[in-house]
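What follows is a short report on a single structure.
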Amino acid sequence: METHEDVEEAIYKRSDVRKSSTLSIIDITIANLVTNLTGGAFLQGYAINVLGAEGVFIGLIIALPGFMALFQLITPMIVASMGSRKKASVYFGLAGRILLIFVPFLAYYPLTLLGEIRLWILILLLTLSSFFLTICNGVTFSWIGDLVSPKERGNYFGRRSMPGGFVILIFSFIAARILDKFGGPSGFTWIFGFAVFAGIIGIIIKSKMVQPRPLPAFSKKQARSALRKSLLDRGFRPLLVFTATWNFAVMLGSSFFNPYVIGDLRMSYTLITTVSIVSNVAITGFSGFWGKNIDRFGGRPVILFASFFKIFMPALWIFITPYNASWLLVTQLLNLFNQGITIGTNKLLLELSPHKERDAYVSMYNAVTGMATALAPAIGGLLLPLLQGSSFELLGATVEGYKFLFLASFFLRAFAIIPIIFVKESGAASVEEMIKTWKGNSTPQNTTD
């Protein structure tokens, strides 16, 4: 049986592998920065406060990247046609980032004469950008998976996340201060312009990464067959179901977190960014910890442990009001468990996908989970008008508006954990063994090989 090391030796020089691993960390750091500055609270703030977007449009903006993940299904055919993961990643990534430069110009004359049509133009730009970037991201994941040894993937993904977290903290705070000081279209123009510039630099860096030797010829018919195989693979399916249901549950609540704090709590961008900073510190600070433990105990036990605590996050948001909004800083500390889930699922995805068919498995994974991610905010956006005027009391808090979605997210997260129990991971420890080892009461009997 062909091992990862055999493939690595045959395709790459070790010096190229090390160099590319370092460059990939820089690349993902810049990619995360671009996503943060052109998405999330900044994009939603621009759409709401500058373009006048409301319920349905907000839901569409949030849902678009997930819906576009369906196009992941053509990724194996694109890679086969281009003959290179590197080419696909670089070209599609460049196109997706350049399109974002046109977004802030919707706030200027004469486009201001178009009224609500500007929101549809925004949706079109985001749709095209998301299409290119979703292809780029899927290909890049498969590409990097071939560069990193299975024994080191947890630690690698942990290390890869840390620089990006700190860079996002710094630039998000600067961007928030710019918006609080200048506000309006000019502030967003500077932010989007800088993000696109940084994104192009990131693509140049990505282009310097090692070029894999072409994989064995893979026809379109074989690619379609591999896609069907990934969907029917009993070893792979539980991971697929878990990630899809978990992402749906999370996005049903978290998609409306920023509109809630912007619209209902009326928090300043500086305070919103402070909350985001606390969240990113929690995420980044524990990335290395989760990565090392995933390599030691396996992805499955870490996912089970981390997801248990994340269940309660949206329930805590229900009790936040304009008078105690600072407590959001405390709730965001639960994000320290995020990377345990993210790195764990990344490791399982790479381990459960055959090397030669990895593009197909990753594409199916991203398409299915992307659809779940997209459906949640879309459904939430449709439900909000129906829930308008309804409310009830829960432990002293009034559940109304967005809080209905937060409560639903809490219950769905609890249900979503069930599929991960059925994932079979070779050599993984149990949750009990992992906790005992942390306490110093035992040595794990099983570790991932």
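The values are calculated or read from the model by the stated rules, or taken from the named source; none is laboratory data. Being a predicted model, the structure only gives us computed values, none of them experimental. FYI the Cβ positions are ideal-geometry reconstructions off the backbone, even for glycines, and counts take in every protein chain you see.
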With the first residue restricted to the stretch 325-352 and required to be surrounded by fewer than 20 Cβ atoms within 10 Å (Cβ to Cβ) and part of a helix (DSSP H, G or I), and the second required to be at pLDDT 90 or above and of a type in the set (Lys, Arg), Cβ contacts under 8 Å at 6 or more apart or on different chains are LEU334/LYS310
Can you name every residue in the stretch 1-52 that is of a type in the set (Val, Ile, Thr) and modelled with pLDDT under 85?
THR3, VAL7, ILE11, VAL17, THR22
Taking GLY66, is it touching a residue at least 40 places away in the same chain (Cβ under 8 Å), touching a Gly at 6+ places or on another chain (Cβ under 6 Å) and either of a type outside the set (A, V, I, L, M) or more than 30 Å from PHE248 (Cα to Cα) (or both)?
yes
Restricting attention to the stretch 244-276, report how many residues are outside any helix (DSSP H, G or I) and closer than 12 Å to ILE62 by Cβ.
2
Tell me, please, whether a residue that is β-branched (Val, Ile, Thr) and in contact (Cβ under 8 Å) with a residue 40 or more places away in the chain can be found in the stretch 382-398.
no
When the stretch 382-441 is examined, which residues are found to be touching a Pro at 6+ places or on another chain (Cβ under 6 Å) and exposed (fewer than 15 other Cβ atoms within 10 Å of the Cβ)?
PHE422
With acidic (Asp, Glu) and within 25 Å of ILE62 (Cβ to Cβ) as the only criterion, which of ASP180, ASP146 stands out?
ASP180
Residue under question is LEU304, and the condition is that it be closer than 23 Å to TRP246 by Cβ, modelled with pLDDT of 90 or more and not charged (D, E, K, R); does it hold?
yes
Find the residue count for the stretch 51-72, including only residues that are over 17 Å from the mean Cα position of the chain (by Cα) and surrounded by fewer than 19 Cβ atoms within 10 Å (Cβ to Cβ).
4
Does PHE157 qualify as being surrounded by 14 or more Cβ atoms within 10 Å (Cβ to Cβ) and more than 17 Å from the chain's Cα centre (by Cα)?
no
Going by the conditions given, is LEU100 buried (at least 21 other Cβ atoms within 10 Å of the Cβ), farther than 30 Å from LYS151 by Cβ and at pLDDT 85 or above?
yes
Options GLY291, GLY235; residue that is closer than 28 Å to SER430 by Cα, touching a residue at least 60 places away in the same chain (Cβ under 8 Å) and not in a helix (DSSP H, G or I)
GLY235
Failed item in (1) under 29 Å from PRO354 (Cβ atoms); (2) at pLDDT 85 or above; (3) crowded, with 21+ Cβ neighbours inside 10 Å, with ALA175 passing the rest:
(1)
Does at least one position in the stretch 136-149 carry a residue that is on the phi < 0 side of the Ramachandran plot, among the charged types (D, E, K, R) and surrounded by fewer than 16 Cβ atoms within 10 Å (Cβ to Cβ)?
no
I'd like the residue in the stretch 207-216 that is at pLDDT 80 or above and either in a helix (DSSP H, G or I) or surrounded by fewer than 18 Cβ atoms within 10 Å (Cβ to Cβ) (or both) and, out of all such residues, is farthest from the chain's Cα centre (by Cα).
LYS208
Per the list (1) at pLDDT 85 or above; (2) on the phi < 0 side of the Ramachandran plot; (3) buried (at least 21 other Cβ atoms within 10 Å of the Cβ), residue check on SER279 breaks on (1)
